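Asks: Got a structure for you, questions after.
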Amino acid sequence: RAMAALLAVSEVNASMGRIVATPTAGSCGIIPGVFVSTQERFGWSDDEMTYGLFAAGAIGYVIANNSFVSGAEGGCQAEVGSAIGMAAGALAELRGGKPEQAVHAVGLALKNSLGLICDPVGGLVEIPCIVRNGFGAVTALAAADMALAGVRSVIPSDEVVQVMLEVGAAMPEKHRETAGGGLAQTPTGKKLMSELRKKGRPLRKAEDERGNAEA
């Protein structure tokens, strides 16, 4: 159920539909996927889910003000990673966990995404972004389960956020949403970009300029 919901949101985004960036368009499916599936599972009211969104937003606020939520600045760990942390902490809160457990859920979730590069094919948040949303939702669900079971993040969540800042700042530019490295520059990735250009599909400026230079 989580997979179906998050894929639906991500596909709406990819087709230029209206979505809520949570915290970015590239990671827009994770929180909806987790929230829709767990609301159905536990029978929570919409009012309860609103409180969950407040919790997720508070976590995102802390991350955004102490690290990154932008793939262009800190890699995919900043986009998908932040969304995973937001969803995990909010879910722990929604399920009746103590604030300390919610914070541990955030730390557990963020640690699992450290170093994840941002390498969208064609500069578009589709490949591999949508699939990463899927795995991200699973991580969030698992992190909340572990925190509620008493598993603690040995490295405090605030310190994990600082490490994400450090890792993102050290990440090569080509691995930070420029489509200049990673999966975007594989033979198949380049072939897909070439096909998109022939169809007149708009690409990000940086990638379009790179393609013109190569030509």
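Taken together, the values in this text are just the output of simple stated rules run on the coordinates, not laboratory data. Model, not experiment: these values are computed from the prediction. Every residue, glycine among them, receives a Cβ derived from its backbone with ideal geometry; neighbour counts consider all protein chains shown.
Asks: Quick check on region 1-27: of everything there that is farther than 12 Å from Ile130 by Cβ and hydroxyl-bearing (Ser, Thr, Tyr), which residue is surrounded by the most Cβ atoms within 10 Å (Cβ to Cβ)?
Replies: So the residue we want is Thr22.
Asks: Of (1) without any contact (Cβ under 8 Å) to a residue 12 or more places away in the chain; (2) touching an Asp or Glu at 6+ places or on another chain (Cβ under 7 Å), Cys118 satisfies all except one. Which?
Replies: Result: Cys118 fails condition (1) only.
Asks: Sort out which residues of region 148-173 are crowded, with 16+ Cβ neighbours inside 10 Å and out of contact with any His (no Cβ under 8 Å at 6 or more places or on another chain), and write them in order of number.
Replies: Selection gives Leu148, Val160, Val161, Val163, Met164, Leu165, Val167, Gly168, Met171.
Asks: In addition: Looking only at region 90-98, decide whether some residue is over 17 Å from the mean Cα position of the chain (by Cα) and basic (Lys, Arg).
Replies: So far as region 90-98 goes, yes, one or more of its residues are over 17 Å from the mean Cα position of the chain (by Cα) and basic (Lys, Arg).
Asks: Only one residue in Ala58, Ala78, Ala88 is out of contact with any Leu (no Cβ under 6 Å at 6 or more places or on another chain), closer than 20 Å to Pro120 by Cα and among the aliphatic types (A, V, I, L, M), so which one is that?
Replies: Within the list Ala58, Ala78, Ala88, the selection yields Ala78.
Asks: When the residues of region 135-145 are filtered to those that are without any contact (Cβ under 8 Å) to a residue 60 or more places away in the chain and surrounded by fewer than 19 Cβ atoms within 10 Å (Cβ to Cβ), which remaining residue is nearest to Ala179 (Cα to Cα)?
Replies: Phe135
Asks: Confirm whether Val131 is without any contact (Cβ under 8 Å) to a residue 40 or more places away in the chain, of a type in the set (Val, Ile, Thr) and farther than 14 Å from Ala72 by Cα.
Replies: Yes; evaluated as a whole, the condition is true for this residue.
Asks: Can you pull out every residue in region 162-202 that is part of a loop (DSSP other than H, G, I, E, B) and free of Cβ contacts under 8 Å to residues at least 24 places away in the same chain?
Replies: Residues satisfying the conditions are Pro172, Thr186, Lys199, Gly200, Pro202.
One line per residue, one yes/no per condition, for (1) surrounded by 15 or more Cβ atoms within 10 Å (Cβ to Cβ); (2) farther than 13 Å from Ala137 by Cβ:
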{"site": "Gly29", "(1), (2)": "yes, no"}
{"site": "Val36", "(1), (2)": "yes, no"}
{"site": "Asp47", "(1), (2)": "no, yes"}
{"site": "Leu53", "(1), (2)": "yes, yes"}
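Asks: Residues that are within 12 Å of the chain's Cα centre (by Cα), outside any loop (DSSP other than H, G, I, E, B), touching a residue at least 12 places away in the same chain (Cβ under 8 Å) and crowded, with 24+ Cβ neighbours inside 10 Å: does region 99-115 have at least one?
Replies: Looking for residues that are within 12 Å of the chain's Cα centre (by Cα), outside any loop (DSSP other than H, G, I, E, B), touching a residue at least 12 places away in the same chain (Cβ under 8 Å) and crowded, with 24+ Cβ neighbours inside 10 Å, one finds at least one in region 99-115, hence yes.
Asks: Hey, Arg132 hits all of (1) of a type in the set (Lys, Arg); (2) surrounded by 22 or more Cβ atoms within 10 Å (Cβ to Cβ); (3) outside any helix (DSSP H, G or I) but one; which does it fall short on?
Replies: Of the numbered conditions (1) of a type in the set (Lys, Arg); (2) surrounded by 22 or more Cβ atoms within 10 Å (Cβ to Cβ); (3) outside any helix (DSSP H, G or I), the odd one out for Arg132 is (3).
Asks: While we're on this one: Report yes if Ala87 is under 15 Å from the mean Cα position of the chain (by Cα) and not β-branched (Val, Ile, Thr), otherwise no.
Replies: The answer is yes for Ala87.
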